[in-house]
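Novice: Dropping a structure here in C-alpha cells format, bear with me for questions.
Derivation of every value follows stated rules applied to the coordinates shown; laboratory data play no part. Keep in mind it's a predicted model, so treat the numbers as computed, not measured. When we count neighbours, we look across all protein chains shown, and the Cβ atoms used for this are built from the backbone with ideal geometry, even at glycine.
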Amino acid sequence: MNNNSVSELCQTSTIPKKLFPYRAEVKTGKPSIYRIKGFKARDAEITMNVASTVKRIARLAKSYRKPSSLQINILTSKFTDDHLVLALKHLKKLTYLKNLSIQAPNLSSVTWKGYRLLTKMTTLKHLQKIDFNTSNCEHVGNQFLSILTRLIFKASTLKDIKLDLHQDAFLFQSIDDFGVSILRRGLRKLYCLQDLKLNLAGCLDISDQSLTHIYFALKSSRQLLGLSLNFSRDKKIRDSCFKDLGNLLGMKSALKKLELNFSRCELITDLALLTLEQKCLEKEYHFESFTLNFSGCHDVTDNGAKIISDLLKESQKSLTEISLNFHKQHVTNKTISDISKTLTQFQSVKTLDLNFALCDFINDDGLEQLRWAISALKQLRNYRVDFRGCSKLSDRGIERLCQGFDELNQLTNLSLNFSWTDNISNVSLEYLRKSLEKQIHLKSLSFDFHSLSSSSSNSSGVSDVGVGFLSSALAKLTNLTFLSFNMEKCKVADESLYHLKEAIVHLQHLHTFKLNVNRCVNVTHRGIHHLEKSFVKLKNLRLIELSLLQCNAILPVGIYRLENAITDPVKLIIHR
C-alpha cells in the first residue's frame, strides 16, 4: 500500500486525545459517530466507517491513556486485507492491551493474509483474552489457525480464548483436522488457560481426530474452568470421539461450565453417551452451568438420555444453569421422568431450558412428571420449555405443567412454546391465566401457539376467548419489560388485539413488544388501531415488531396511521 492510499484512509475529523478511556470499541459500519458512554465506567464506543478505522486505532495507540480492552467490529464488505494490516500495525503500540476482540464474520474480502501481522506482535505479551470471529469467511482457514497459534506462543498469559470459525455448508470448506492439530500446539503451552470456546459448526472436513487433538491440547491446562465445543452439522463426527472427550472430562473435575453441541451429527448414537459415562461416572464434578445439545441425532434414545441424567447427578448439587436439547429425537416420557427425578435434587437451579420439540412420543403424562420437578426448584428464575410439534399433548398436559410453576415465587423470565399442537385450546390459556396471575415478578414473557391449521371449522386451537384469558393476567404483570406473542394461523381477530390493548396499557415498564399474527385472515386495520392507542401511552417502549404476512384484511391506511403515531425513540418493524 503506497503512502497516498494510507493518507486517504486516515482522513477523518480530529478527536480529543484526552477523551480516550481505558476500554475502547471500534466498529466499521455506515455511521461516523464518536460516542463515549461514561469515562468513570471506563467504557467507550467508537462507531465509524472504513476510512476512519485505522485513524482511530492510531489515535488510541498515541493516547497517553492506553486501553486495556479493544474490540474491532468489521461490519462492511469494503474492508480489505490492506485495511486490516494497517490497523494491526498500530496495535503493536498498545503494550498494555489485555483483551483483544476482532469480529469479522461473513467477509469475502478479508483473507488469512490480513491477519499475518498477529504473528509479529511481540508487544501483546500481556494478553489475557482473545475473541476472534471469522465465521463464514471462505478465505480464512487452516492458515488463520496457524497465525493464531503463533500469537498464542507469544502471549503465554492467555486465560480466555473464544474462536468462532463456523461455516455454512455451501461455502468452501477450508478448516479440517490438520488445522485443529496446528491449534493444538499453541493450546498445550497455555498452562493458565481457564476458558475455551471453540465453534467449528458446519466444518464438514472435521472428524473424530479433531477431538483427539483437543484432548491432548487441554490435558495440561491445570486451571481450566470453562469448556464450550460446538461441532454441530459436522457429518464425520462418530461415537468413537467420545472416548477422548470422556478422558478429558475425567481429568477436569474442577470444570464449572460445560457446553457441548453435537446437533445434527447423525452418526452419533447411545453408544457415544455410554462411552462418556464410563469415563466420567463416579467423578466429583462442580458444574455450575451444564449444556448438552444432541438435537437431530435420531439414534440417541431414552437410554442415552438416562446417561445424561446420571451425569447430572455427579455435579455435587452446585448447578445453577441447565440446558438440554432433545429436539427431533426418539425420546419418550421416560426421558422426562429420568430428568425430572434428577432435577428434584438441585435446589439451587436458577435457569432451566428444556427442548423436546418434534418428539412425537411425548404426551400429557410426560408433563405430569415435569410438573413435580419444577415445583421443587424454589429458586428458579429463568424457565424455557419447548414442546413444539408434540402432537399428542392436550389441555390436560398444560394444566399439569402450569400447576408446576404455581409454587414458584422468584420467576422472572418465562418462555412457553406449544406451536403445531392443535389439540391445545382456549382451556389451556385459562389454566395459564390462573398461574400467571401469581408470577408478579415476571419481567420477560414469551408465548408461541402457532397453529398448524387455520381452518375455522376446527374446534380446537387458540381464539379470541383464549387471548382474553391471557390478557386479564397480563394486566397484573406490571414489571414486564419484554412481551412476545406468536399466534400465527390461529383463529383470532380484532377482538384479540383489543384484549391485548387493554392489558399492555398497564405495562408502563414494557420495553419490547412482539406480535405475530401471520395468516390470521380475520385481523384487520381496526385491530392495529387498537394497539396503536396503547403504544403511544407507554413511555419506556423502545421496540415494536409486528408480523402481518397474508393479513389481507389490513388496509394500508392502518399501517400508515401506525407509522405516523410511533415516533423516536421507538423503533417500529413491520413484516408484511
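Novice: At 0.36 nm per residue, minus the direct Cα-Cα distance, what do L572 and S391 gain on full extension? Give it in nm, one decimal, please.
Specialist: 61.7 nm
Novice: How much length is gained if the chain between L204 and K283 is pulled fully straight, taking 0.36 nm per residue apart and subtracting their Cα-Cα distance, in nm to one decimal?
Specialist: Stretched fully, the L204-K283 segment lengthens by 25.1 nm.
Novice: Next question. Treating region 238-410 as a set of equal point scatterers at the Cα positions, no solvent, please give the Debye-formula log₁₀ I(q)/I(0) at q = 0.11, 0.13, 0.15, 0.16 Å⁻¹.
Specialist: The computed values of log10 I(q)/I(0) come out as -0.43, -0.61, -0.81, -0.92.
Novice: What residues qualify as long-range amide H neighbours of I574, i.e. H under 5 Å apart, gap of 5 or more or another chain, H built at 1.01 Å from N?
Specialist: Amide H to amide H, under 5 Å and 5 or more residues apart or across chains, I574 pairs with L546.
Novice: Sticking with this structure for a sec: Tally Lys/Arg at +1 and Asp/Glu at -1 over every other residue whose Cβ is under 12 Å from the Cβ of S444; what's the total?
Specialist: So the surrounding residues net to +4.
Novice: Could you check the spin-label model distance between S77 and I440? Points 7 Å from the Cα along Cα→Cβ, value in nm.
Specialist: 5.5
Novice: Round to the nearest 0.05 the FRET efficiency obtained for Y560 and S484 when R0 = 25 Å and r is the Cβ-Cβ distance.
Specialist: Efficiency for this residue pair is about 0.50.
Novice: A follow-up question, please. Which distance in Å, rounded to a whole number, links the C-alpha centroids of region 173-248 and region 297-319?
Specialist: Here the two parts' Cα centres lie 22 Å apart.
Novice: Compute the FRET efficiency between N540 and N382 as 1/(1 + (r/R0)^6), taking r as their Cβ-Cβ distance and R0 = 30 Å, and round to the nearest 0.05.
Specialist: Taking R0 as 30 Å, the efficiency between N540 and N382 is 0.90.
Novice: Once you keep just the Cα pairs under 8 angstrom separated by 6 or more residues, what percentage relative contact order results for the chain?
Specialist: 5
Novice: Report the convex hull volume per residue for region 412-576, counting only C-alpha atoms, in Å³.
Specialist: It comes to 89 Å³ per residue, whole-number rounded.
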